[in-house]
Amino acid sequence: MILLQVIAGGLLLGAVYALFSSGLSLIWGMMNFINFAHGEFVMLGMYAALLTVLWLGGGPGVFGLAAAMALFLLGVVVYFGLIREVMRGPMLAQILSTFGLALLLRYAAFWIFSPDFVTLPQTSLSGTVDLGGILLTVPQLVAGLVAAVLTLAMHLLLTRTAIGSQLLAVAEDRNAAMLMGIRPDRMQALAWGLSAASAGIAGALMAISFPFSPAVGETFALTAFVVVTLGGFGSVPGAMLAGLIVGLIEALSAYWIGPIYKDVVVYGLFVALLWLRPQGLLGRA
Amino acid sequence: MLLSAEKVAKHFGSFRAVAGADLAVEEGEIVGLIGPNGAGKSTFFNCIAGDAAPTSGRIVFAGVDVTAAPAERHARLGIGRTFQVPATFEDMTILDNVMVGAFLRHKHRGEARDRALAVLELTGLKEQARQRARSLGTPGRKRLEIARVLATGPRLMLLDEALAGLTPGEVQRAIELVRAIHAQGVTLVIVEHIMEVILTLTRRVLVFNQGHVIASGKPQDVVKDPAVIEAYLGRGHAQAKGSG
Amino acid sequence: MTRWGLLALAAALVAYPWLVAGSDSAAFLQDMGALVLLAAIGASAWNIVGGYAGQISVGHAMFFGAGAYLPLLVYQHWQLPPLVGVPLGIAASLVIAVLIGFPTFRLTGHYFSMATIAVAELVRIVVGNWDFLGAAIGLQGPATARGWYDVIFRSSVPYYYIFLAVLALLILATWQMQRSRLGYYLGAIRAGERAARSLGVPVRRYKLYALMLSATFTSLAGSLYALKTGFIDPDSGLGILVSVQMIITAALGGAGTLFGPLLGAAILVPLQTATNTWLGGSGSGLTYIVYGGVIVLIARFEPGGLVELWHRLHAARRRRLEMRHAA
């Protein structure tokens with residue numbers, strides 16, 4: 001029974017991983033660019049939720065939305081202010097740009113918020129649920145389900161809507177998209193906004209269940225890297241699936257080996273993945 | 001036979017860029033490859049050069065099966081190629097660009113340098129050896145690419161529209177250069193749109209359309225082939241031309 | 001750099017400890033000199049793979065840590081001279097280098113960068129929780145010298161000269177590499193990998209050479225650090241800030257240039273020491289905000305660092321002078 005609980009918990013958290021990793025995968029597939037500050041976006045989502053609760057009160061809907069909006073804005077600003085220029089430059093500039101941004105955001109957060117772990121003071125989601133012997137907390141359940149829905153929504157947005165196909169057109173062939181009247185710049189900015197927003201909401205969702213500090217961004221970034229690699233280059237459905245798998249592996253490792261080493265297992269599997277199947281599960285050639 | 005490409009196909013998902021093409025090249029030939037844009041010529045080139053792995057088919061060079069080999073291996077064995085859009089090393093000097101090529105067969109800096117200078121002499125770039133590659137215009141860049149590849153000592157050179165965008169005078173000079181390279185014993189396969197170049201330089205031409213070879217033979221004959229005319233200009237023109 | 005400039009630089013570096021010996025804070029200044037050189041070694045080592053080969057490692061601390069931990073490990077457990085651990089550190093670093101480089105160098109550059117963070121973090125967690133390796137407490141070297149082989153000096157000056165010798169060796173090796181086939185091939189890979197392949201450059205193999213060379217010298221830097229300070233723990237040896245330090249030092253001065261890392265070290269080490277003195281503990285928090293900001297600025301405006309900036313301003317000035325002459 002405990003094992004099933006662990007598995008359920010792992011999958012629920014994995015759904016949240018899938019959410020923010022899809023955002024990273026979107027950018028990677030679209031611009032061949034890895035945002036090394038993506039983990040910090042998740043972390044900032046957590047703090048955005050915190051500030052919203054402290055200043056405005058309100059329930060999960062409010063602070064979730066606030067986190068999404070704040071991070072969407074940040075994503076767009078980062079695109080226009082930094083990414084657009086750096087994309088034309090050498091690889092060094094591209095990688096260092098978001099790596100430096102990650103440092104800047106992380107240490108600014110340490111400075112502003114202090115390195116102590118904090119929890120989100122909210123009471124609307126509390127208690128536990130008993131699903132046939134498996135005990136899950138309401139926050140855990142809500143976070144996982146909402147994340148799953150949002151990730152699916154993002155996938156549908158990309159594949160079924162007009163704006164989604166415009167985004168994918170730019171990803172496929174920038175020049176051809178321009179000839180069709182699509183503005184790549186706007187689409188890429190939108191993608192950055194969506195990517196950051198997905199990270200922000202994911203952060204807000206996790207903040208409901210877990211205490212957090214500015215240090216957590218680093219770990220989420222690595223989780224995202226593993227998930228997008230396992231999912232495959234540029235594949236949002238791949239990231240969805242891989243998120244669940246990684247969440248599951250993490251939970252089982254924590255259960256069988258210990259919480260300290262769960263990350264070691266995940267990173268070790270990452271290296272193995274690079275050796276044996278770097279294209280991941282659903283990667284494009 | 002120096003190069004033999006049999007039933008080479010390259011699919012991108014459901015799109016068949018190359019749908020089964022054959023090419024046989026004897027040592028010492030200059031073979032032309034023509035066809036409308038999007039016919040699959042460059043993709044075919046990429047397969048021969050090792051840049052892309054064919055979906056099916058076989059490519060044998062100098063007795064070695066190179067179908068699945070990476071581009072580096074193709075180059076080592078003696079296949080060199082230029083790119084449709086020149087890919088020179090912009091921030092490096094012209095000399096350094098060519099030295100990168102020379103290092104393939106010459107391990108030491110001194111020898112590589114000597115070889116590079118000799119090639120620059122042949123291609124008429126020696127004066128500009130110390131300039132950055134980015135200071136060259138497109139014709140200069142194409143010439144530099146040829147020099148760079150030549151420095152690798154290839155047995156077979158694949159020129160992908162190396163003469164496109166040149167003025168008539170530059171085209172003449174380029175034709176001279178290609179002849180000089182051929183005289184040194186290099187076999188050539190050239191993709192071109194400029195008929196004059198094809199007629200002057202090549203003894204044999206293959207015509208590509210929609211991923212496979214639709215005609216082959218002597219250049220003078222091929223340009224009169226109705227199938228070829230149709231491929232380029234459409235059905236109406238072929239009928240208007242009659243039997244040529 | 002001109003031959004005279006080089007000579008002047010060498011003379012200044014050799015004479016530095018002697019030049020500051022007369023001042024009140026001689027010991028402090030000499031120590032800082034040694035730290036500048038050590039930072040330059042680490043940054044120059046990173047520069048080989050990050051600057052010249054264009055493969056951005058953001059986890060280089062793992063090589064530094066291997067080089068720092070193994071000497072102190074062999075001392076702490078078996079009372080061997082720490083020097084014995086130096087080649088062991090290099091060996092461990094080479095293994096890690098191949099483990100990461102071999103699979104990722106046939107893929108796009110992002111995979112390599114992601115892998116370096118992941119493995120560096122993996123190593124840090126494992127070391128930080130394994131008692132044999134000191135866990136969170138760390139390892140210590142000999143308190144006093146049992147002989148010359150323990151490489152323990154009271155003053156910073158002998159360390160200064162050892163570091164200077166290693167830096168000189170590293171710069172010489174980098175210069176030789178730059179002029180050799182390896183250097184040209186790495187430049188080609190950076191300038192255009194597809195074109196490089198078409199010219200027969202064995203891309204994966206050469207990237208690995210660069211990484212292994214870089215890892216070796218980074219490990220050496222770690223060993224020198226351990227020999228000088230006599231102490232290492234997961235933060236000082238394997239933390240992300242160690243990696244950040246190497247990157248910003250090289251990038252600020254000029255990644256891919258011969259003397260950029262030394263320039264970066266000469267600027268950043270005194271600056272960091274000064275802010276630490278002014279602002280105390282809270283200073284370090286601010287330092288990393290600034291570091292992050294500086295890295296972003298470098299990436300956005302001048303990826304070639306100060307050396308590139310100098311060249312650009314110099315060229316602009318020359319053009320203006322020419323125009324004035326023409327007018």
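The numbers here are math on the coordinates, done by the rules we state, and not lab data. Here the structure is a predicted model, which means the values were calculated and not measured. As a convention, Cβ positions derive from the backbone with ideal geometry for all residues, glycine included, and neighbour counts pool all protein chains shown.
If a paramagnetic tag sat 7 Å from the Cα of residue C:23 along the Cα-Cβ line, which residues of the range C:131-174 would have the backbone N under 16 Å from that point? Flagged as within label range: C:156-157. Packing-based ranking of A:222-231, B:197-206, A:257-266 yields A:222-231, B:197-206, A:257-266, ordered from highest to lowest mean Cβ neighbour count within 10 Å. A simple charge model with +1 on the Cβ of Lys and Arg, -1 on the Cβ of Asp and Glu and nothing else charged puts the dipole of the protein assembly as shown at about 2060 debye relative to its Cα centre.
For chain A, the longest principal axis of the Cα atoms and the long axis of helix A:162-172 meet at an angle of about 70 degrees. Qualifying trypsin sites (Lys or Arg not before Pro) in the range C:115-201, where qualification requires a DSSP coil assignment and no more than 14 other C-beta atoms within 10 Å, comprise C:146, C:154. Among C:314, B:182, A:38, the ranking by other beta carbons within 10 Å of each residue's beta carbon, starting with the fewest, stands as C:314, B:182, A:38. Alpha-carbon geometry of chain C: the Rg and the Dmax are 20.4, 76 Å, given in that order. The convex hull of the Cα atoms of the protein assembly as shown, projected and averaged over all directions, covers 43.4 nm².
Here the calculated FRET efficiency for residue B:193 and residue C:176, from their Cβ-Cβ distance with R0 = 60 Å, stands at 0.85, rounded to the nearest 0.05.
For the range C:230-291 and the range C:4-39, what is the separation of their Cα centres, given in Å? The two parts, judged by their Cα centres, are 19 Å apart. When only the Cβ of Lys, Arg, Asp and Glu is charged (+1, +1, -1, -1), the dipole of the range C:283-327 relative to its Cα centre reaches about 320 debye.
Normalised by residue number, the volume inside the convex hull of the Cα atoms of the range B:13-128 is 152 Å³ per residue.
Excluding same-chain neighbours fewer than eight residues apart, the lysines reachable from residue C:207 by a Cα-Cα span under 22 Å are B:107.
Simple rule: put +1 on each Lys or Arg Cβ and -1 on each Asp or Glu Cβ in chain C, find the dipole, and look at C:27, C:325, C:306; the Cα lying farthest toward the positive end is C:325.
From the largest down, chain A spans 57, 47, 35 angstrom on the principal axes of its Cα atoms. Across the range A:81-214, the convex hull enclosing all Cα atoms gives 159 Å³ per residue. Rank A:96, B:135, A:1 by how far each Cα sits towards the positive end of the charge dipole of the protein assembly as shown (+1 on Lys, Arg Cβ; -1 on Asp, Glu Cβ) and give me just the farthest. Checked the options; the winner is B:135. For the range C:62-140, the orientation-averaged shadow of the C-alpha convex hull comes to 5.0 nm² (one quarter of the hull surface). Which of the aspartates and glutamates could a cross-linker span from residue B:218 if the Cα-Cα distance has to be under 16 Å and same-chain partners fewer than 8 positions apart are dropped? Straight-distance partners of residue B:218: B:26, B:29, B:192, B:196.
With R₀ set to 35 Å, the beta-carbon distance separating residue A:123 from residue C:140 gives a calculated FRET efficiency near 0.10.
Ordered by the number of other Cβ atoms lying within 10 Å of each residue's own Cβ, fewest first, B:170, A:250, B:161, B:145 fall into the sequence B:170, B:161, A:250, B:145.
Between the listed residues B:21, C:152, B:120, the Cα displaced farthest toward the positive end of the dipole of the protein assembly as shown, a dipole computed from Cβ unit charges relative to the Cα centre, is found at B:120. Peptide C:115-128 has a mean of 5 when you count, residue by residue, the C-beta atoms of other protein chains within 10 Å of its C-beta.
For the range A:1-155, the orientation-averaged shadow of the C-alpha convex hull comes to 10.8 nm² (one quarter of the hull surface). Put a plus charge on the Cβ of each Lys and Arg, a minus charge on the Cβ of each Asp and Glu, and nothing anywhere else: the dipole of chain A about its Cα centre is then about 520 debye.
Legend: mean number of C-beta atoms from other chains within 10 angstrom of residue C-beta atoms, peptide A:102-114, equals 5. Do the sum for chain C: with -39,500 (n - 2.57) for every DSSP H run of n ≥ 4, divided by all residues, what is the mean residue ellipticity at 222 nm, to the nearest 500 deg cm²/dmol? -25500 deg cm²/dmol, from helical runs alone. In terms of surrounding Cβ atoms within a 10 Å radius of their Cβ, C:123, B:18 rank from fewest to most as C:123, B:18.
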